[in-house]
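**Student:** Take a look at this one; I'll ask things after.
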């Protein structure tokens with residue numbers, strides 16, 4: 001019997017997700033023994049045309065990392081969705097929009113103007129910008145175009161499972177691969193990660209006061225951080241109370257507060273909102289003027305609380321409704337979708353912020 | 001969104017209104033970043049006996065929201081056609097839409 005085929009693709013991402021695959025170390029040999037990689041542009045020489053030549057559903061599972069911003073990324077997501085039985089949003093960017101998603105604070109023209117005109121190191125007297133079609137040497141070259149905003153993978157194509165993290169912890173990938181190969185999978189739409197908050201796994205949990213109250217919010221680079229005490233109790237903006245675990249508290253072990261890449265907990269609709277709510281209430285002041293002053297100690301609330309999930313947030317996601325009836329959508333064949341309901345019921349283990 | 005709460009120090013649940021105030025102050029800063037007008041979210045302390053205040057605040061807020069109209073996030077704003085960019089001397093530089101023609105300009 002032939003081995004199941006696996007694909008791995010990147011969209012708007014940094015390459016960290018691929019790094020987490022490499023971090024399987026010798027474990028990668030077990031993976032290579034169990035599956036056939038049929039598409040993995042960052043590591044292996046397969047072409048888009050190889051994927052196009054496959055029959056629909058030929059790939060058993062495809063992991064896509066990175067957010068979606070360009071016409072090329074959209075086309076690849078649609079192509080790989082069609083060719084794959086299972087599609088996994090791998091990492092924070094594919095799941096929730098990630099760091100590239102913070103670009104949604106600006107309109108596209110401002111971004112292009114900043115990049116091609118305004119940055120101090122830019123020299124572009126003729127105001128050249130990339131064009132979809134350009135005549136060069138008598139021929140024509142084509143470039144992908146940028147979309148008006150950054151989207152999560154599931155705002156473009158239906159996604160079966162999510163693995164959060166920036167980059168995802170290698171243990172989550174290994175566990176997910178094992179479950180996929182064994183056919184031991186939770187209901188579609190699930191996040192393949194623990195359902196507990198990071199605080200519950202934190203090695204410093206015992207030092208967390210029942211009601212941590214802080215006089216100041218402190219920033220890591222301006223603070224001498226005690227390596228054994230709860231970071232919240234020290235006044236650091238740690239998103240442990242509102243963020244999904246599964247990372248073995250890697251940042252905490254590095255003496256840095258959680259920045260929230262694990263995303264929302266189950267039954268939380270908006271990770272940024274939940275995080276802001278959890279953190280703000282810790283301030284030890286009832287005086288309006290004092291509170292206002294202390295909140296200035298968090299200089300970038302959006303970048304702090306929505307660092308990994310702006311496009312997937314309640315505010316932005318409502319612009320991009322999922323369409324389960326889209327062509328080639330496996331889930332459109334489920335009874336729920338036929339009945340015109342949500343393609344997936346809201347599951348206890350489902351993705352926080354299920355739309 | 002109109003958030004109503006008991007006057008500080010006057011709530012059976014003791015600290016919820018203080019927590020709300022802290023969250024609200026941080027939320028306001030975040031709304032600025034989103035480009036959402038602060039007036040769209042209002043926090044008012046209103047006691048059970050202050051029916052007239054409910055009416056006054058609600059009317060004020062409705063009126064203000066009518067003035068503001070729908071939310072327009074920056075990323076949602078319809079893209080204006082790329083405007084001219086000011087050059088060093090303040091002269092607008094037209095946007096160039098094609099690559100240079102002469103081959104010698106292309107550095108390989």
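**Student:** What about residue A:99, is it within 14 Å of chain B (Cβ to nearest Cβ) and under 30 Å from residue B:36 (Cβ atoms)? Show your work before the answer.
**Tutor:** Details: within 14 Å of chain B (Cβ to nearest Cβ): no; under 30 Å from residue B:36 (Cβ atoms): yes.
Judged against the criteria, residue A:99 is not a match.
**Student:** Quick check: is even one residue across segment A:36-59 within 27 Å of residue A:187 (Cβ to Cβ), modelled with pLDDT of 95 or more and within 14 Å of chain B (Cβ to nearest Cβ)?
**Tutor:** Checking segment A:36-59: not a single residue is within 27 Å of residue A:187 (Cβ to Cβ), modelled with pLDDT of 95 or more and within 14 Å of chain B (Cβ to nearest Cβ).
**Student:** Right, something else. Out of the residues in segment A:279-302 meeting the condition of being crowded, with 17+ Cβ neighbours inside 10 Å and within 21 Å of residue A:98 (Cα to Cα), tell me which one is nearest to the chain's Cα centre (by Cα).
**Tutor:** A:302
**Student:** Does at least one position in segment A:128-149 carry a residue that is in contact with a strand residue (DSSP E or B) (Cβ under 9 Å, 6 or more places away or on another chain) and away from chain B (no Cβ under 13 Å)?
**Tutor:** Yes.
**Student:** Suppose we filter segment A:305-318 for residues that are facing chain B (nearest Cβ under 9 Å) and surrounded by fewer than 21 Cβ atoms within 10 Å (Cβ to Cβ); how many remain?
**Tutor:** 1
**Student:** So, in segment A:1-15, of the ones that are touching a helix residue (DSSP H, G or I) at 6+ places or on another chain (Cβ under 9 Å) and over 18 Å from residue A:87 (Cβ atoms), which residue ends up modelled with the lowest pLDDT?
**Tutor:** Residue satisfying both the conditions and the ranking: A:3.
**Student:** Is it true that residue A:267 is away from chain B (no Cβ under 14 Å) and on the phi > 0 side of the Ramachandran plot?
**Tutor:** yes
**Student:** Kindly provide the set of residues from segment A:286-302 that are farther than 14 Å from residue B:30 by Cα, part of a loop (DSSP other than H, G, I, E, B) and more than 9 Å from chain B (Cβ to nearest Cβ), ordered by number.
**Tutor:** A:287
**Student:** Of the residues A:75, A:58, which single one is more than 27 Å from residue A:246 (Cβ to Cβ), in contact with a helix residue (DSSP H, G or I) (Cβ under 7 Å, 6 or more places away or on another chain) and surrounded by fewer than 16 Cβ atoms within 10 Å (Cβ to Cβ)?
**Tutor:** Testing whether each residue is more than 27 Å from residue A:246 (Cβ to Cβ), in contact with a helix residue (DSSP H, G or I) (Cβ under 7 Å, 6 or more places away or on another chain) and surrounded by fewer than 16 Cβ atoms within 10 Å (Cβ to Cβ) leaves just A:58.
**Student:** What strands (runs of 3 or more DSSP E), lying completely within segment A:1-99, carry at least 1 residues that are within 14 Å of the chain's Cα centre (by Cα)?
**Tutor:** A:5-10, A:59-65, A:68-70, A:84-90
**Student:** If a residue has to be touching a residue at least 24 places away in the same chain (Cβ under 8 Å), at the interface with chain B (Cβ under 9 Å from one of its Cβ atoms) and not in a helix (DSSP H, G or I) to count, how many in segment A:271-285 make the cut?
**Tutor:** Qualifying residue count, segment A:271-285: 3.
**Student:** Follow-up. Out of A:113, A:82, A:69, which single residue is under 27 Å from residue A:128 (Cβ atoms) and out of contact with any helix residue (DSSP H, G or I) (no Cβ under 8 Å at 6 or more places or on another chain)? Steps first, please.
**Tutor:** Values: A:82 fails: under 27 Å from residue A:128 (Cβ atoms); A:69 fails: out of contact with any helix residue (DSSP H, G or I) (no Cβ under 8 Å at 6 or more places or on another chain).
Of the residues listed, the single one that is under 27 Å from residue A:128 (Cβ atoms) and out of contact with any helix residue (DSSP H, G or I) (no Cβ under 8 Å at 6 or more places or on another chain) is A:113.
**Student:** Then there's this: Would you mind finding the one in A:247, A:230, A:261 that is touching a helix residue (DSSP H, G or I) at 6+ places or on another chain (Cβ under 9 Å), closer than 15 Å to residue A:305 by Cα and away from chain B (no Cβ under 14 Å)?
**Tutor:** The conditions single out A:261.
**Student:** Do you know which residues across segment A:105-126 are touching a strand residue (DSSP E or B) at 6+ places or on another chain (Cβ under 6 Å) and within 28 Å of residue A:67 (Cα to Cα)?
**Tutor:** Answer for segment A:105-126, where residues must be touching a strand residue (DSSP E or B) at 6+ places or on another chain (Cβ under 6 Å) and within 28 Å of residue A:67 (Cα to Cα): A:108, A:117.
**Student:** Just to be sure I understand the filter: pairs with C-beta atoms under 6 Å, separated by 6 or more residues or on different chains, first member in segment B:34-52 and at positive phi, second member modelled with pLDDT under 95. Which pairs pass?
**Tutor:** Here the result reads B:35/B:74, each pair linking segment B:34-52 to a residue that is modelled with pLDDT under 95.
**Student:** Can you confirm whether segment B:25-39 contains a residue that is facing chain A (nearest Cβ under 9 Å) and in a loop (DSSP other than H, G, I, E, B)?
**Tutor:** Checking segment B:25-39: at least one residue is facing chain A (nearest Cβ under 9 Å) and in a loop (DSSP other than H, G, I, E, B).
**Student:** Please enumerate the residues belonging to segment A:205-261 that are part of a strand (DSSP E or B) and over 21 Å from residue A:166 (Cα atoms).
**Tutor:** Those that are part of a strand (DSSP E or B) and over 21 Å from residue A:166 (Cα atoms): A:214, A:218.
**Student:** Spot the failing condition for residue A:268; the list is (1) closer than 20 Å to residue A:230 by Cα; (2) in contact with a helix residue (DSSP H, G or I) (Cβ under 8 Å, 6 or more places away or on another chain); (3) part of a loop (DSSP other than H, G, I, E, B), and only one is missed.
**Tutor:** It is condition (1) that residue A:268 fails.
**Student:** Then there is this: For segment A:110-127, which residues satisfy the criterion of being surrounded by 13 or more Cβ atoms within 10 Å (Cβ to Cβ), within 8 Å of chain B (Cβ to nearest Cβ) and in a loop (DSSP other than H, G, I, E, B)?
**Tutor:** A:127
The values are calculated or read from the model by the stated rules, or taken from the named source; none is laboratory data. Just so it is clear, the model here is predicted, and its values are computed rather than measured. Using ideal geometry, Cβ is built from the backbone for each residue, glycine included, and neighbour counts are taken over all protein chains shown.
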